[in-house]
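Nothing in this text is a laboratory measurement; each read-out follows from the coordinates by a stated rule. What you see is a predicted model, and the numbers here were worked out from it, not measured in a lab. Glycine also receives a Cβ, built like all others from the backbone with ideal geometry; neighbour counts cover every protein chain displayed.
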Amino acid sequence: MTLLWLLSSALWVLSTVYPSQGGSLQSWIVGGKEAIPNSWPFIASLQIQGQHFCGGSLIAPNFLITAAHCLMDLNPSFVTIVLGAHSLSANEATRQTFRISRIFENGFNPRTLENDILVVKLNRAADLNATVQTVKLPKQNQTVPTGTQCVTAGWGQLATQGPSSDQLQELNVTTTGNRLCRSTNICTRVSMRQAGICFGDSGGPLVCNDILHGLSSFIIRSCGSGVAPDFFARVALFRSFIDSALAN
């Protein structure tokens with residue numbers, strides 16, 4: 001059975017959560033477009049038995065970051081990390097696969113979704129090349145001004161009850177200062193249309209000016225509602241934590 005956390009009547013986490021080795025709910029970005037293959041060389045697909053359930057970003061040859069709720073109540077030994085992918089079904093020569101060696105958490109609160117970040121150490125270093133690269137991180141407490149143009153990506157649902165995408169999708173978004181947006185989050189909207197992140201996009205990147213500023217965390221109402229913003233964990237709050245994990 002697939003477990004989807006409902007934090008309130010309107011607050012949804014964006015991952016597919018497997019309480020055991022089962023589960024099948026999948027995902028993609030709403031209202032986006034197919035990314036150019038391998039144009040996101042740092043993006044990772046977290047999978048169980050070949051099924052994508054969350055995204056992540058490579059920050060060092062043997063480390064990535066994702067949303068903490070993605071691996072909550074999961075046995076990490078069940079998880080495969082895939083780098084260098086575009087199509088989830090194709091046998092691409094660019095793919096590199098890994099297991100999880102260690103996890104570093106930072107006080108994640110599953111009720112409020114605060115501190116929704118996890119550093120994952122891979123069982124070996126990735127081979128960095130044209131299709132697998134690391135992403136630049138922000139400085140500690142670096143801010144993103146309201147109105148900044150950013151891009152997010154993932155293998156998420158086209159709609160709240162939609163099918164899954166085989167190819168990586170991307171979406172241009174704009175940061176917003178919505179009253180619901182906490183200091184621990186970066187919030188985004190898409191102007192004049194219904195589009196946004198959706199189930200399975202959790203942990204995926206929000207990139208602003210070539211820097212990884214956010215990790216897909218949760219939505220309010222439905223995917224791409226056009227009413228409420230999308231919520232990303234603010235990476236800059238955790239730069240010191242990330243550096244400490246990499247040093248260890």
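Distance from the Cα centroid of region 80-121 to that of region 56-78 is 3 Å (rounded to whole angstrom). For the pair V227 and Q49 in one chain, pulling the backbone fully straight at 0.36 nm per residue adds 60.5 nm over the alpha carbon distance. For S77 and K139, the FRET efficiency from 1/(1 + (r/R0)^6), where r spans their Cβ atoms and R0 equals 35 Å, is about 0.50.
In this simple spin-label approximation, L180 and S244 carry label points 7 Å from Cα along the Cα→Cβ vector, and these lie 3.2 nm apart. Straight-line reach from K121: taking Cα to Cα under 15 Å and skipping same-chain neighbours fewer than 8 places apart, the aspartates and glutamates in range are E105, D243.
When a/c is below 1.5 the answer is rounded, else prolate if a/b is larger than b/c, else oblate, so apply that to region 103-213 with a ≥ b ≥ c taken from the square roots of the Cα gyration tensor eigenvalues. Rounded, because the longest to shortest axis ratio a/c is under 1.5.
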